[in-house]
Amino acid sequence: MHKYLVVANQTLSGEHLVKEVRARLGSGRCQFHVLVPATHPTEHALWTEGEAEAIARGNLARALEIFRKLGAHATGEIGDEQPLTAIRDVLRDQEFDEIILSTLPPGISRWLGQDLVSRVERGFAIPVTHVVGDEPIEPDA
């Protein structure tokens, strides 16, 4: 059984990610673990750690519901606000065959501005698939 680590936040409910999940499901038995870094919201000048976590929890709940409706075995968790740290934390306890990293488009994505895709590819001996979402989802805060 293939195990996939899906790392995303604002793009978790996007059709681009649904397409990736469907493709993996079509290729055989697999399971997904969704990691949502609790990154702070950009639409507020001031924010709390609790607010960032609440937004991430809402995004995770929506994503798990979508994945399960597709027929996927899916689990998930909230991680550190720094996505690279969050990934490292998960990989200490679990092994995966692939990391699916979902970001906003260039120019909007803070993760791309941090060169996250290259850093994940260099930092871990796991294949990385980068997918780009069109629009951020609306947070439930």
Taking the criterion of being in a loop (DSSP other than H, G, I, E, B), in contact with a Lys or Arg (Cβ under 9 Å, 6 or more places away or on another chain) and either surrounded by 15 or more Cβ atoms within 10 Å (Cβ to Cβ) or free of Cβ contacts under 8 Å to residues at least 24 places away in the same chain (or both), would at least one residue in the stretch 68-75 satisfy it?
yes
Please work out which one of (1) more than 20 Å from ALA56 (Cβ to Cβ); (2) outside any loop (DSSP other than H, G, I, E, B) is the condition ILE126 fails and give its number.
(2)
Residue identified as outside any helix (DSSP H, G or I), in contact with a strand residue (DSSP E or B) (Cβ under 8 Å, 6 or more places away or on another chain) and at pLDDT 95 or above among VAL90, VAL131
VAL131
Can you tell me which residue is farthest from ARG57 (Cα to Cα) among those in the stretch 107-123 that are assigned to a loop (DSSP other than H, G, I, E, B) and at pLDDT 90 or above?
ASP115
If you check THR48, THR39, which single one turns out to be modelled with pLDDT under 95 and surrounded by 19 or more Cβ atoms within 10 Å (Cβ to Cβ)?
THR39
Selection from the stretch 1-17 of residues part of a loop (DSSP other than H, G, I, E, B), hydrophobic (A, V, I, L, M, F, W, C) and out of contact with any Lys or Arg (no Cβ under 9 Å at 6 or more places or on another chain) yields ALA8
Reported set for the stretch 1-24 where residues are exposed (fewer than 14 other Cβ atoms within 10 Å of the Cβ) and among the aliphatic types (A, V, I, L, M) is MET1, ALA23
Could you figure out which of (1) of a type outside the set (Ser, Thr, Tyr); (2) under 21 Å from ILE78 (Cα atoms); (3) surrounded by fewer than 17 Cβ atoms within 10 Å (Cβ to Cβ); (4) at pLDDT below 95 isn't true of ILE137?
(3)
For ASP97, which of the numbered conditions (1) modelled with pLDDT of 95 or more; (2) surrounded by fewer than 17 Cβ atoms within 10 Å (Cβ to Cβ); (3) in contact with a helix residue (DSSP H, G or I) (Cβ under 9 Å, 6 or more places away or on another chain); (4) under 19 Å from THR129 (Cβ atoms) fails to hold?
(3)
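The values are calculated or read from the model by the stated rules, or taken from the named source; none is laboratory data. These figures come from a predicted structure and were not determined experimentally. Because the Cβ atoms are built from the backbone with ideal geometry, glycine has one as well, and the counts that use them run over all protein chains shown.
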